[in-house]
1. Select from segment 212-227 the residues that are surrounded by fewer than 22 Cβ atoms within 10 Å (Cβ to Cβ) and touching a residue at least 60 places away in the same chain (Cβ under 8 Å) and write down the one among them that is farthest from ARG19 (Cα to Cα).
2. If a residue must be surrounded by 15 or more Cβ atoms within 10 Å (Cβ to Cβ) and under 20 Å from LEU11 (Cα atoms), how many such residues does segment 72-97 contain?
3. State the number of residues belonging to segment 5-21 that are loosely packed, with under 13 Cβ neighbours inside 10 Å and part of a loop (DSSP other than H, G, I, E, B).
4. Please specify each residue of segment 47-65 satisfying the condition of being small (Gly, Ala, Ser) and in a loop (DSSP other than H, G, I, E, B).
5. Within segment 141-188, restricting attention to residues that are within 15 Å of the chain's Cα centre (by Cα) and among the hydroxyl-bearing types (Ser, Thr, Tyr), which residue is modelled with the highest pLDDT?
6. From LEU68, LEU29, LEU44, LEU34, which residue is under 14 Å from the mean Cα position of the chain (by Cα) and either at pLDDT below 95 or in a strand (DSSP E or B) (or both)?
Amino acid sequence: MADRDTTGGWLWHLRAFFRRRQWNPTTELIAEWLDGVQPAHRELLLIGGSAGWMMSSRWLQQFERVVLIDIDPYAPTLFRWNHGRALKQSSTRLEFLQCDALLDLGALLNTYPNASIFFDNLLGQHVYRVPDFDRAENDLNKIAQRLAGRDWGSVHDLFSGPADPNTLPAKPIMSFAATQSALGSNVDGVTGTPLHRRMLDQVGGVDEWMDHVTSGVFPLGTKTRLIAWPFVPTYVHWLQAGWVSAASSNQ
């Protein structure tokens, strides 16, 4: 998240465990968005799901089979702790595959041709995995092309940075809609103001913010949901959530 040490491993899980109550408003907004997503398949590749700290059990229950893919060895045990009971109630089969999903994406798509795909807060971490931002952005801009003809979605970091809790609006808007085209033009089609500026104003953003170079992940015109995630009281992430149907991903 704010640095490499918080993107996975025991420190991430410890932080998530103790902050899950504070993160609950964001988790609920993600769940509400997922409630409106209708996957084309009953099988799901959940890529980067980790322990599923902010994942919706309710949404997962619609699948007959969920394949959790993560490099984190703690993921299967903690994911079952968070979601195992709910998945047992819905008779959803849960499997775990430990691999680097982005590196092995082609093989995974061939192995699971009849699965919907969901990147769970993974793509925004790619900037920590590669030597430079240009390469990371190039990799992420090719995701939609690699998934052409597939049913897929993602929730990922868009921007993150420091925030002053004392400058928060009285009633900050924690979630709003945007199209991928609006992100590219950096202009909010509703207000006509710079979209990035509006996002920072919503959460009291200050100083320099980090661009996770995910603005080009979805095809242009994709309807997305922007969701604020106060990671800690003084550091906030804006998440982007979107879904691409198989028909539209062929275009």
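The values are calculated or read from the model by the stated rules, or taken from the named source; none is laboratory data. What you are looking at is a predicted structure, and each value in this text was computed from that prediction instead of being measured. All Cβ positions, glycine included, derive from the backbone under ideal geometry; neighbour counts span all protein chains shown.
1. Filtering first and then ranking leaves PRO219.
2. Going through segment 72-97 one residue at a time, the tally reaches 8.
3. Result for segment 5-21: 1.
4. GLY48, GLY49, SER50, ALA51, GLY52, SER56, listed by residue number.
5. By that ranking, first place goes to SER154.
6. Only one candidate passes the filter, namely LEU29.
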